[in-house]
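One structure is given here, and the rest of the page talks about it.
The values are calculated or read from the model by the stated rules, or taken from the named source; none is laboratory data. Keep in mind that what you see is a predicted model, and the values were worked out from it rather than measured. For neighbour counting, all protein chains shown are included, and Cβ atoms are generated from backbone atoms with ideal geometry for every residue, glycine included. These area figures cover heavy atoms from the full protein model, side chains too; ligands, DNA and RNA do not enter into them. Shrake-Rupley method; radii C 1.70, N 1.55, O 1.52, S 1.80 Å.
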Number of protein chains: 2
Amino acid sequence: MTDINFSRSAAHPDSQGAAGTYPAPRAGEMRWDIIELLFFAYRDFVGDADQELEAFGFGRAHHRVMHFVYRYPGLKVADLLDVLRITKQSLGRVLKQLLDEGYIIQKTGNNDRRQRLLYATAKGEALVAKLAGLQTDRITRALRDINPEGVAAISQFLRAMIDRDDPDKVLEAIFGTGSKKPRE
Amino acid sequence: MTDINFSRSAAHPDSQGAAGTYPAPRAGEMRWDIIELLFFAYRDFVGDADQELEAFGFGRAHHRVMHFVYRYPGLKVADLLDVLRITKQSLGRVLKQLLDEGYIIQKTGNNDRRQRLLYATAKGEALVAKLAGLQTDRITRALRDINPEGVAAISQFLRAMIDRDDPDKVLEAIFGTGSKKPRE
DNA sequence: CAAGATATGTCAACATGACTGACATAAATT
DNA sequence: AATTTATGTCAGTCATGTTGACATATCTTG
């Protein structure tokens, strides 16, 4: 009654009207498996944090900002924009809330006094730690039965999935092409 | 000048005021590496499709709907809601557009005439194939230098990241706990 | 020093894709 | 006949993204 029709048959006959007018689908080559596993894995991975964030009146945008500010103390606003790939205006709203509510503080740059360097407060650190704890628990569980070679393959795969043209400061740190390292 | 302060030092002194009033951060146990790799990998993975979708005047929501309708022909509206974890109203808007523009067709259920079974048209299939092609290219590139054991570990890891309580019909198909299989 | 470039902040208007709550219809179940 | 289920839709709201314009402070350059 509530079954999906999972048959391997082609789409409904009515949907075949224009068949042949589009490029060959090369369906056999598609990595449907990885595509769908990434969708579900990421959905549940971020879902962990979403529940907690509600209690704070925050959303995913706040989490992303807090995370990178905590991890890379002294991050500039411009660097954050590169990492998150959003506009100044979008970041502004979220950042203002985090500043107002005391999760982040700004410090004027030493060399360049135009810069506002961002740091997590103790309150901000606690939030990041809580959320990272939930996500780490899920990751640890998922890695439990995988040997070191397997874990290395996972790490290599995820790295290779990331665009390397024009890497931002955080990516340089992650890939070790910069000389500096993230916190912890 | 445009450098992040990547120092390992603690957060800015002003941020330490309330230290000790929050749970111990257990920072050493955190899988910062995987957390951040997942963020960047998924960002760039979905970014592939985003560009193409703009040309069609569609967004990510349309992609997700098209993908699962193509992959699981005859999917019901209710099943789609389970998979995407959005509300009927949210899905309604996107689905209506895809129906109106001829990417998807509905067919009244045989056993239960209340159901509207969903199928991709040839036009819809072409769109899904195009987007899956881009994502498959990225995945294939990322897997190029990884041996079969490594690929197995990646698959196992992604599966283990997914919540298994109350799995929807699509997840049952992916995990093989249902008897039916997806298309292709 | 004056001029221009840069880093940041902010205003207004708008789009997308989520949400809640309420209600309608047709069809199946009890 | 009454109830439940599957779907569709209306109205309003919210979070988070967008563009374009403009202001201010500060650094760099001619």
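Distances from B:PHE56 to the same residue in each other copy, label points 7 Å out along Cα→Cβ, in nm, shortest first?
Going from nearest to farthest copy, the values are 3.6 nm.
Order of B:146-155, B:124-133 by packing, highest average Cβ count within 10 Å first?
Per-residue Cβ counts within 10 Å, averaged per peptide and sorted highest first, yield B:124-133, B:146-155.
Using only atoms on other chains, find how many Cβ atoms lie within 10 Å of each Cβ of peptide A:98-106 and report the average. Don't skip to the end; give the middle numbers.
Working: counts 0, 0, 0, 0, 3, 1, 3, 4, 1.
Per-residue shielding by partner chains comes out at 1.
Summarise the partner chain shielding of A:116-122 as one whole number: the mean count of Cβ atoms from other chains within 10 Å of each residue's Cβ.
On the way: counts 0, 3, 3, 7, 3, 8, 11.
Mean shielding count: 5.
Excluding residues fewer than 8 places away in the same chain, name every one of the aspartates and glutamates whose C-alpha is closer than 15 Å to that of A:LYS123.
A:GLU52, A:ASP100, A:GLU101, B:ASP14
Once the label point is placed 7 Å from Cα along Cβ, list for A:LEU81 the distances to the corresponding points in the other copies, in nm, shortest first.
Listed shortest first, these distances are 4.2 nm.
Roughly speaking, to the nearest percent, how much of the stretch B:49-132's 1.4 Å accessible area is carbon and sulfur? Don't skip to the answer; put the middle values down first.
Working: 1780 of 3960 Å².
The value for the stretch B:49-132 is 45 percent carbon and sulfur by accessible area.
Ordered shortest first, which distances in nm separate the 7 Å Cα→C-beta label point of B:ASP33 from those of the other copies?
2.5
Is any residue of the stretch A:70-108 close enough, with backbone N under 17 Å, to a label point placed 7 angstrom from the Cα of A:ASP166 along the Cα-Cβ axis, and if so, which?
It comes to A:78-88, nothing else.
Where the centre of each part is set by its Cα atoms, how far does the stretch B:37-84 sit from the stretch A:153-179, in angstrom?
25
Counting only other chains, and only Cβ atoms inside 10 Å, what mean value do you get across the residues of B:168-176?
3
With a 1.4 Å probe on protein heavy atoms only, work out how much accessible surface A and B bury together, total over both chains, in Å² to the nearest 100.
Its buried surface, counting both partners, is about 9500 Å².
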